[in-house]
Amino acid sequence: MTAPSDECVPLQECRGCQSRELSPILDLGDTPLANRLLTAAQLADPEPRYPLQLVYCPRCSLVQIAHTVRPDILFRDYVYMSSFSPSFVEQARRHAEELVERCGLHRDSLVVEAASNDGYLLKWFARRGVPVLGIEPARNIATIAREAGVDTIDEFFDAALARRLAEAGRRADVFLAKNVLAHVADLNDFVRGIHDILKPAGISEIEAPYLLDMLAHCEFDTIYHEHLCYFSLTALTHVFERHGLRIIHVERLPVHGGSIRFRSRRIDGPGADPDETVAQLLELERAHDVASPACYAPFARQTAELKRSLRSLLGDLKRQGKSIAAYGASAKGSTLLNYFELGRETIDYVVDRNTTKQGRYTPGAHLPILATETLLERRPDYVLLLTWNFADEILQQQAAYRHSGGRFIIPVGQVTVV
C-alpha cells in the first residue's frame, strides 16, 4: 500500500545547503517504516510503504534520502530503548564520566541531551550530582526516563525550543546528541538550536554513523526512513559553520558499524580553534573525493551483490532442510529483510531482548518476534544476525546456543558464517 501523500514529502532541495542538484546513489524501493512493528491484529491491514532512495549533493557533499516521512509518524510512539544493550550503556557511562572530568561539571552545570531515549546516558551525570535535561519526543519512552528519575520533556528539539529554554535560564554547558542528527528533517534549524542553547563557553558533542564506513563496508541496511542524512565531516562542517559553530575535535568510533563523535563550540566563544583531528579527517575525505560521483558509484553494485550472495546461501540451506531464525528486530534488519525480499518462506521467526518488541511482528516480512531464550528452546540450525553491529556482544550472550551446534550468519560487508 502506497502511503498517503501528506505523510511523505519528496525532497526538493539539499537538507544542508538548499541546492537542487541532487544525484542518485541507490534505490531500495518502497519499504514499510523500519520501526513500525505490528500487532497480530494489524497483520491483515494494508501496510503503508514509502520510497527509500539515497542521493547526494555535489555542492556540500551531504548524503541523504530523497523523501521525508513526517516526524510525528516516525517518533511519537517508539520501540527502541538503548538500555537493552549492555555495551551501549557501558559506552554511555564511560563517555559521561569522561565529560564530567574534562569539562569540570558540577551541581551548577547543565547537561542537555536531544533524543535522550530512556535516560541511559543522562542518568550517569545525575548520579554525579550534575543537573540534566532530556528532550525525547517519544512520549512512551520519555515516561520511562522520568520514572527512572531523569528530568525529561517530551518534545522535538529545534531552534524554537532552544530559545525557550535559553530564555528560561536553561542553557547548556554540554549539549549531547547521540545518533539523532541523522533523524532531523530540518537540519539547519536543529544546528541553529544547538548554537542558541549553548552557554558562550559550552560545547556540543554529537555522534552519528560515518559515511565512509557505510560505503567501505556496504552497510546499506543503515538506510531507512528515520535516517534522513549520512554524514561526512565535510558536510557537517558546512552546516555547523553556517550557524556560528565550529567543529574543533573529531574521533572515529566502532559503534553502529563505524561512527564519528565530534565536538563543536560557538565561534564567538572561547576555545573555538580546531585541533589536528579535524584537518586529518577532512584530508581523508578529500582523498576519497566525497564530492564526486566516483565515491558513490560502487555502493549500489556492492549492495546488489550482497543481496545475491545472501539469498543464494539461505536458499541452499532451506533446500538442505535447515531451519533458520533471525536475531534482532532492528530497523536495519527491516531494511535488509524487505530489500532482500526475505520472509516466512525462509526465516521462521526473529528473537530480540527488548520485551516491548516481543509478541509483535516485523514490518513487511511479518516475522513473529520472540524472546532470545527461544534459540535454546527450538535450536534452529542457523540464525541470521540482523543486529550485526552488536555481533561481539550477541555472540558472547549466545554461547550456549553456539556450543549446542547453532551457527550465526553475519550478512553485511561480506556474508560470513560463524
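The values are calculated or read from the model by the stated rules, or taken from the named source; none is laboratory data. Since the model is a prediction, treat every value here as computed from it, not as a measurement. Neighbour counts run over all protein chains shown; Cβ positions are idealised from the backbone, glycine included. Areas reflect the complete protein model, heavy atoms only, side chains present, ligands, DNA and RNA absent. Shrake-Rupley method; radii C 1.70, N 1.55, O 1.52, S 1.80 Å.
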Criterion violated by Gly104 - all others in (1) of a type outside the set (A, V, I, L, M, F, W, C); (2) closer than 15 Å to Glu207 by Cβ; (3) at pLDDT 95 or above satisfied: (2)
Selection status of Leu212, in contact (Cβ under 8 Å) with a residue 60 or more places away in the chain and under 13 Å from Val63 (Cα atoms): yes
So Leu314, is it in a helix (DSSP H, G or I), open to solvent by less than 10 Å² (accessible area, probe 1.4 Å) and in contact with a Pro (Cβ under 8 Å, 6 or more places away or on another chain): no
Flag for Asn188 being at pLDDT below 95, surrounded by fewer than 22 Cβ atoms within 10 Å (Cβ to Cβ) and within 25 Å of Tyr224 (Cβ to Cβ): no
Residues of the range 334-384 satisfying the condition of being of a type in the set (Lys, Arg) and closer than 29 Å to Ile144 by Cα: Arg353, Lys357, Arg360
Any hit, the range 130-137, residues being of a type in the set (Gly, Ala, Ser) and touching a residue at least 24 places away in the same chain (Cβ under 8 Å): no
Strands (runs of 3 or more DSSP E) wholly inside the range 317-418 containing at least 1 residues that are of a type outside the set (Gly, Ala, Ser) and open to solvent by 60 Å² or more (accessible area, probe 1.4 Å): 407-410
Residues of the range 288-311 satisfying the condition of being among the small types (Gly, Ala, Ser) and open to solvent by 30 Å² or more (accessible area, probe 1.4 Å): Ala291, Ala294, Ala297, Ala300, Ala304, Ser309
Of all residues in the range 3-44 being surrounded by 13 or more Cβ atoms within 10 Å (Cβ to Cβ) and assigned to a helix (DSSP H, G or I), the one that is modelled with the lowest pLDDT: Glu7
Test: residue in the range 215-222 that is open to solvent by less than 30 Å² (accessible area, probe 1.4 Å), in a helix (DSSP H, G or I), in contact with a Pro (Cβ under 6 Å, 6 or more places away or on another chain) and among the polar types (S, T, N, Q): yes
Selection within the range 148-161 - over 14 Å from Ala115 (Cβ atoms) and modelled with pLDDT of 95 or more: Asp151, Ala159, Ala160
Residue pairs meeting the criteria (Cβ under 9 Å; at least 6 apart or on separate chains; first closer than 21 Å to Arg192 by Cβ, in the range 6-18; second of a type in the set (Asp, Glu) and open to solvent by 20 Å² or more (accessible area, probe 1.4 Å)): Cys14/Glu21; Arg15/Asp186
Conditions (1) modelled with pLDDT of 95 or more; (2) farther than 22 Å from Leu187 by Cβ: number failed by Ala297: (1)
Hits in the range 45-69 (condition: closer than 22 Å to Glu285 by Cβ and either open to solvent by 30 Å² or more (accessible area, probe 1.4 Å) or touching a Lys or Arg at 6+ places or on another chain (Cβ under 8 Å) (or both)): Pro58, Arg59, Leu62, Gln64
